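The values are calculated or read from the model by the stated rules, or taken from the named source; none is laboratory data. These figures come from a predicted structure and were not determined experimentally. Cβ placement follows ideal geometry from the backbone for every residue including glycine, while neighbour counts extend to all protein chains displayed.
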């Protein structure tokens, strides 16, 4: 049976992104530092079709486990806007991604198996679709903070992991 979870980097003062974020300033001012631990791991780089990275550590194992368990993602419009301008063309999610937004548009298919679906449906309805896509695997609530909070407040999160950055 699939689980609904989020796995997110967070600062000690409770931020998963910084101010002034946008397509040209991914995760805001110094926001990428939250994920420095991840950027040097082979599992992360490999998922992006890049070479190199560390392998013999728990961080790499955690990243690999997350990628192996997810078959559908749900995210907010702000996360999508930042990512659309920055994610590699072929190497992003490799599965369906539901983008919660009031600005509906046609699905956006990417090489490598990622299709973004733009929806203004209820959390429950979107989750139902994502679970159908996931089958026995898991659905990840990718972010940002507002989307994660909405799913938490609705009691729809079954598991979460916080990676605390200094």
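A compact table of results
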| read-out | value |
| --- | --- |
| Restricting the stretch 134-157 to residues that are more than 16 Å from the chain's Cα centre (by Cα) and at negative phi, the residue that is surrounded by the most Cβ atoms within 10 Å (Cβ to Cβ) | 156 |
| Options 94, 35; residue that is in a loop (DSSP other than H, G, I, E, B), within 20 Å of residue 7 (Cα to Cα) and touching a strand residue (DSSP E or B) at 6+ places or on another chain (Cβ under 8 Å) | 94 |
| Residue match in the stretch 113-129 (condition: at pLDDT below 90 and not in a helix (DSSP H, G or I)) | yes |
| Output for the stretch 73-103, where each listed residue is modelled with pLDDT of 85 or more and over 22 Å from residue 31 (Cβ atoms) | 94, 95, 96, 98, 102, 103 |
| Odd one out for residue 45, checked against (1) at pLDDT below 90; (2) surrounded by fewer than 18 Cβ atoms within 10 Å (Cβ to Cβ) | (2) |
| Scope the stretch 97-122; condition out of contact with any strand residue (DSSP E or B) (no Cβ under 8 Å at 6 or more places or on another chain) and either closer than 25 Å to residue 153 by Cα or surrounded by 16 or more Cβ atoms within 10 Å (Cβ to Cβ) (or both); matching residues | 102, 121, 122 |
| Qualifying residue in the stretch 17-29 (condition: part of a helix (DSSP H, G or I), at pLDDT below 85, surrounded by 18 or more Cβ atoms within 10 Å (Cβ to Cβ) and at negative phi) | no |
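Okay, residues lined up against (1) closer than 26 Å to residue 85 by Cα; (2) touching a helix residue (DSSP H, G or I) at 6+ places or on another chain (Cβ under 7 Å); (3) without any contact (Cβ under 8 Å) to a residue 24 or more places away in the chain:
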position: 109; (1), (2), (3): yes, no, yes
position: 114; (1), (2), (3): yes, no, yes
position: 117; (1), (2), (3): yes, no, yes
position: 123; (1), (2), (3): yes, yes, no
position: 127; (1), (2), (3): yes, no, no
position: 130; (1), (2), (3): yes, no, no
position: 135; (1), (2), (3): no, no, no
position: 142; (1), (2), (3): yes, yes, no
